[in-house]
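Report on one structure; see the data block that follows.
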Amino acid sequence: MADEPVSQNIVRAEGRVDALARRRLFGHPARTVWFTGLSGSGKSTLAFAVEEALVARGVACYVLDGDNIRFGLNRDLGFSPEDRAENIRRIGEVCRLFHDAGLVVLTAFISPYRADRAQVRELHPEGGFTEIFVDTPLEVCEARDVKGLYAKARAGEIPEFSGISAPYEAPEDPEARVDTTKPLDDCVAEIIHHLGL
């Protein structure tokens, strides 16, 4: 991954509306809330439920979901380690834009590599990124198998499947850890309390 843009004849444009003005406008700080966990752990379900609860509280927020992003922005990427890294790099940049806009962005991505998640964190100011490990046991994720992916991965039909034929590196020190074997409302309340929004 290149640290500098390929194009050399560009200059970053700066507006006159800063983070404080946006915080006054929205009434809350910007935040990127990064849900990571295995397929079937409940990341998307949790992110959309948290979004609903935050909107009810007047928080301007939006969910970026892994599958949804692959229908558009990242439709040219597969699941090789290199494509996974590029997927998360692009999402990280989108999150930074949402953060700069003063919004709360909730992401639901397996994002299996610690280094990729760390790079996204580095794009944010101190306190602007919250990593939440959706810590659901593999056997529970596999039993849910709502998309039928684990069965296909076990049959060798899906290569590079996180937790089966590809690694998943669990967070070592996330800001929060949630167990989605508990009722959804309890998980949402736990996240809302942790975020302080």
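The values are calculated or read from the model by the stated rules, or taken from the named source; none is laboratory data. Everything numeric in this text was worked out from a predicted model, so none of it was measured. Using ideal geometry, Cβ is built from the backbone for each residue, glycine included, and neighbour counts are taken over all protein chains shown.
Filter the stretch 126-161 down to the residues that are among the aliphatic types (A, V, I, L, M) and buried (at least 19 other Cβ atoms within 10 Å of the Cβ), then identify the one that is modelled with the lowest pLDDT. Step through it out loud before you land on a result.
Within the stretch 126-161, the subset among the aliphatic types (A, V, I, L, M) is 132, 134, 138, 140, 143, 146, 149, 151, 153, 155, 158.
Then keep just the ones that are buried (at least 19 other Cβ atoms within 10 Å of the Cβ); that gives 132, 134, 153.
Values: Ile132: 97, Val134: 97, Ala153: 89.
Filtering the stretch 126-161 for residues that are among the aliphatic types (A, V, I, L, M) and buried (at least 19 other Cβ atoms within 10 Å of the Cβ), the one modelled with the lowest pLDDT comes out as Ala153.
Do we find that Glu93 is among the acidic types (Asp, Glu), buried (at least 19 other Cβ atoms within 10 Å of the Cβ) and either out of contact with any Gly (no Cβ under 8 Å at 6 or more places or on another chain) or in a loop (DSSP other than H, G, I, E, B) (or both) in this structure? Spell out the reasoning first.
On the way: among the acidic types (Asp, Glu): yes; buried (at least 19 other Cβ atoms within 10 Å of the Cβ): no; either out of contact with any Gly (no Cβ under 8 Å at 6 or more places or on another chain) or in a loop (DSSP other than H, G, I, E, B) (or both): yes.
The answer is no for Glu93.
Tell me which residues, restricted to the stretch 26-43, are small (Gly, Ala, Ser) and buried (at least 20 other Cβ atoms within 10 Å of the Cβ). Step through it out loud before you land on a result.
If we filter the stretch 26-43 for residues that are small (Gly, Ala, Ser), which is where we start, we get 27, 30, 37, 39-42.
Passing the criteria: Ala30, Gly37, Ser39, Gly40, Ser41, Gly42.
Would you pick out the residues in the stretch 144-197 that are in a loop (DSSP other than H, G, I, E, B), among the acidic types (Asp, Glu) and either under 29 Å from Ala30 (Cα atoms) or free of Cβ contacts under 8 Å to residues at least 40 places away in the same chain (or both)? Give the derivation first.
At the first step, the residues of the stretch 144-197 found to be in a loop (DSSP other than H, G, I, E, B) are 145-148, 155-161, 163-165, 167-175, 179-183, 196-197.
Narrowing further to those that are among the acidic types (Asp, Glu): 145, 157, 160, 169, 172-173, 175, 179.
The answer is Glu157, Glu169, Glu172, Asp173, Glu175, Asp179.
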Notebook entry, point to check: What single numbered condition from (1) surrounded by fewer than 19 Cβ atoms within 10 Å (Cβ to Cβ); (2) under 15 Å from the mean Cα position of the chain (by Cα); (3) within 30 Å of Asp186 (Cα to Cα) fails to hold for Leu123?
Noted result: (3)
